[in-house]
């Protein structure tokens, strides 16, 4: 039996780099993997390449309606979520006087929500 057989995994930011490599490994170990991303073209490639046990769900993890839709999709297709790999993150630098509420909301939304 594979290490993650029967487990459901969500990987945020799983379309490239560490997130993508992690998705491939979880699929190889038997998990059903959901990958999120904002850009549909990268999401489709990222979800197809690990294998048939991977699915992409487009959305912005900083937006609560997108998160609701993501978890509803997981609930419909897999029942429950066992593992969350919170890989998505961003950093934008600005001097203290240049930080706007929109800037804060974007960074906080992706990195914290």
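The values are calculated or read from the model by the stated rules, or taken from the named source; none is laboratory data. Just so you know, these numbers come straight off a predicted model, no measurement behind them. Quick reminder, even Gly has a Cβ in these numbers, built from the backbone with ideal geometry, and neighbours come from all protein chains shown.
Some points to look at:
- Selection status of residue 43, in contact with a strand residue (DSSP E or B) (Cβ under 7 Å, 6 or more places away or on another chain), within 29 Å of residue 104 (Cβ to Cβ) and modelled with pLDDT under 85: yes
- Residues located in region 67-89, provided they are in contact (Cβ under 8 Å) with a residue 12 or more places away in the chain and more than 22 Å from residue 24 (Cα to Cα): 67, 69
- Scanning region 46-81 for residues that are modelled with pLDDT of 85 or more, touching a helix residue (DSSP H, G or I) at 6+ places or on another chain (Cβ under 6 Å) and exposed (fewer than 15 other Cβ atoms within 10 Å of the Cβ) turns up nothing.
- First in region 1-16 and on the phi > 0 side of the Ramachandran plot and touching a residue at least 60 places away in the same chain (Cβ under 8 Å), second anywhere and in a loop (DSSP other than H, G, I, E, B) and surrounded by 18 or more Cβ atoms within 10 Å (Cβ to Cβ), Cβ under 7 Å, 6 or more apart: 13/87; 13/88
- Residue list for region 25-40, filter: assigned to a helix (DSSP H, G or I) and at pLDDT 90 or above: 25, 26, 27, 28
- Every residue from region 93-111 that is surrounded by 10 or more Cβ atoms within 10 Å (Cβ to Cβ) and without any contact (Cβ under 8 Å) to a residue 40 or more places away in the chain: 94, 99, 103, 104, 107, 111
- Out of 84, 90, one residue alone is part of a strand (DSSP E or B) and surrounded by fewer than 15 Cβ atoms within 10 Å (Cβ to Cβ). It is 84.
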